[in-house]
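Got a structure for you, written out below as structure tokens; questions coming shortly.
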Amino acid sequence: MKEQLVRLIELQKVESAAGKIHAKRKNLPVQMKMLEQEFNLFCEVVETQREQMESARKRRQEKDAQLQAGQESLKRTRERLFEVRNNKEYQSMLKEIEVFESKNSKIEDEVISLLDELERLETALKAKEEELAIKRRRYEEERKTIEEEMNSLVGELDGCIRKSEELKNDIPAEVLRKYEQIKSVGRGLAVVAAWKEVCGGCHMSLPPQLYNELQKTTALITCPNCSRIIYWENRNG
Ligand SMILES: [Zn+2]
């Protein structure tokens, strides 16, 4: 194949690789942000559960203190029962004891249900914290991978730029200008293969005469329809 064409095709390949690297570099910070958001969201969920458990623990302490105070009041009232002199006072004190007992029993029920709730919250929190540890590990690994990829892309891009500069130095200015001009129209590839009298860029038929010439000539030929630089590619191997 003609040397100029080989260089142009190579240049096109390098430039398209550089384009892909650019796209990836733009996308990596987006990926990173999504990763962070997802992880932070999970952290918040765990934090909320932790707060719920702390608040249940606090309520339990309060109830315990209430119960203790109630039991002491009950004990004191029972002791005073022996000092009572008349029946009326005795009856009223029994009533008081009954009220304390019923109050205490209600608090006891509340403590029991709080204990159930605490157990449930603790189990759930423990599971979530284990999940969080796994997620944190994975998050850090993925972060590192993205950071490494970003760094390696910088190197790859430098390589592409160096390579394309080298290639450009070996391509005649007028050929390069033509190539840049076709490329600037923004229809994808500027250099395309032709096979069986069809242009690989616009998929239109090429005049047989031109197609014949394409197989022999060393000059650059462009597609009469799309103006892309075409070359003959023998797909019969
Ligand atoms: Zn064409």
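Which condition does Glu180 not pass, out of (1) free of Cβ contacts under 8 Å to residues at least 60 places away in the same chain; (2) away from the ligand (no atom under 16 Å from the Cβ); (3) open to solvent by less than 70 Å² (accessible area, probe 1.4 Å); (4) not in a helix (DSSP H, G or I), if it passes all the others?
(4)
Show the residue pairs meeting these rules: Cβ distance below 7 Å; 6+ apart or different chains; first residue within region 90-119 and closer than 14 Å to Glu79 by Cα; second residue open to solvent by 70 Å² or more (accessible area, probe 1.4 Å).
Correct list of pairs: Met93/Arg80; Ile97/Arg78.
Right, something else. List pairs: first in region 214-237 and under 18 Å from Gln181 (Cβ atoms) and among the hydroxyl-bearing types (Ser, Thr, Tyr), second more than 10 Å from the ligand (Cβ to nearest atom) and assigned to a loop (DSSP other than H, G, I, E, B), Cβ under 9 Å, 6+ apart or cross-chain?
What qualifies is Ser227/Val185; Tyr231/Met1; Tyr231/Lys2; Tyr231/Leu220.
Evaluate the following for Glu72: is it open to solvent by 90 Å² or more (accessible area, probe 1.4 Å), over 18 Å from Glu117 (Cα atoms) and assigned to a helix (DSSP H, G or I)? Even if it seems obvious, please write down each step before you answer.
Details: open to solvent by 90 Å² or more (accessible area, probe 1.4 Å): yes; over 18 Å from Glu117 (Cα atoms): yes; assigned to a helix (DSSP H, G or I): yes.
The answer is yes for Glu72.
Separate question: Take the residues in region 222-233 that are more than 11 Å from the ligand (Cβ to nearest atom) and open to solvent by less than 70 Å² (accessible area, probe 1.4 Å), then tell me which one is modelled with the lowest pLDDT. Even if it seems obvious, please write down each step before you answer.
At the first step, the residues of region 222-233 found to be more than 11 Å from the ligand (Cβ to nearest atom) are 231-233.
With open to solvent by less than 70 Å² (accessible area, probe 1.4 Å) added as a condition, the list becomes 231, 233.
Details: Tyr231: 93, Glu233: 88.
Applying the filter and picking the extreme gives Glu233.
Can you tell which of Gln37, Gln12, Gln31, Gln49 is surrounded by 14 or more Cβ atoms within 10 Å (Cβ to Cβ) and closer than 20 Å to Arg137 by Cα? Explain how you work it out, then say what you get.
Numbers: Gln37 fails: surrounded by 14 or more Cβ atoms within 10 Å (Cβ to Cβ); Gln12 fails: closer than 20 Å to Arg137 by Cα; Gln49 fails: closer than 20 Å to Arg137 by Cα.
Sole residue among the options that is surrounded by 14 or more Cβ atoms within 10 Å (Cβ to Cβ) and closer than 20 Å to Arg137 by Cα: Gln31.
Just checking, how many residues over region 206-221 are surrounded by 14 or more Cβ atoms within 10 Å (Cβ to Cβ) and either over 20 Å from Gln4 (Cβ atoms) or near the ligand (Cβ under 10 Å from one of its atoms) (or both)?
Total meeting the criteria: 1.
Please work out which one of (1) within 15 Å of Leu5 (Cα to Cα); (2) more than 15 Å from the ligand (Cβ to nearest atom); (3) not acidic (Asp, Glu) is the condition Ala194 fails and give its number.
Looking at each condition in turn, Ala194 falls short on (2).
For region 134-141, does any single residue satisfy the condition of being touching a Cys at 6+ places or on another chain (Cβ under 9 Å), away from the ligand (no atom under 16 Å from the Cβ) and modelled with pLDDT of 95 or more?
yes
So, Glu156, is that one more than 16 Å from the ligand (Cβ to nearest atom), touching a helix residue (DSSP H, G or I) at 6+ places or on another chain (Cβ under 7 Å), assigned to a helix (DSSP H, G or I) and open to solvent by less than 90 Å² (accessible area, probe 1.4 Å) or not?
Numbers: more than 16 Å from the ligand (Cβ to nearest atom): yes; touching a helix residue (DSSP H, G or I) at 6+ places or on another chain (Cβ under 7 Å): yes; assigned to a helix (DSSP H, G or I): yes; open to solvent by less than 90 Å² (accessible area, probe 1.4 Å): no.
Criteria not met by Glu156.
Taking the stated definitions as given, is Glu166 assigned to a helix (DSSP H, G or I), more than 11 Å from the ligand (Cβ to nearest atom) and open to solvent by 90 Å² or more (accessible area, probe 1.4 Å)? Break it down into steps so the answer makes sense when it comes.
On the way: assigned to a helix (DSSP H, G or I): yes; more than 11 Å from the ligand (Cβ to nearest atom): yes; open to solvent by 90 Å² or more (accessible area, probe 1.4 Å): yes.
Here the answer is yes, as Glu166 does meet what is asked.
A quick yes/no check of all residues on (1) without any contact (Cβ under 8 Å) to a residue 60 or more places away in the chain; (2) open to solvent by 50 Å² or more (accessible area, probe 1.4 Å); (3) touching a strand residue (DSSP E or B) at 6+ places or on another chain (Cβ under 6 Å):
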residue	(1), (2), (3)
Ala173	yes, yes, no
Val191	no, no, yes
Ala194	yes, no, yes
His203	yes, yes, no
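The values are calculated or read from the model by the stated rules, or taken from the named source; none is laboratory data. If you're wondering where the values come from, they're calculated on a predicted model, not measured in any experiment. Don't worry about glycine lacking a Cβ; one is built from the backbone with ideal geometry, like all the others, and counts go over all protein chains shown. To get the accessible areas, we keep the full protein, side chains included, count just its heavy atoms, and leave off ligands, DNA and RNA. Shrake-Rupley method; radii C 1.70, N 1.55, O 1.52, S 1.80 Å.
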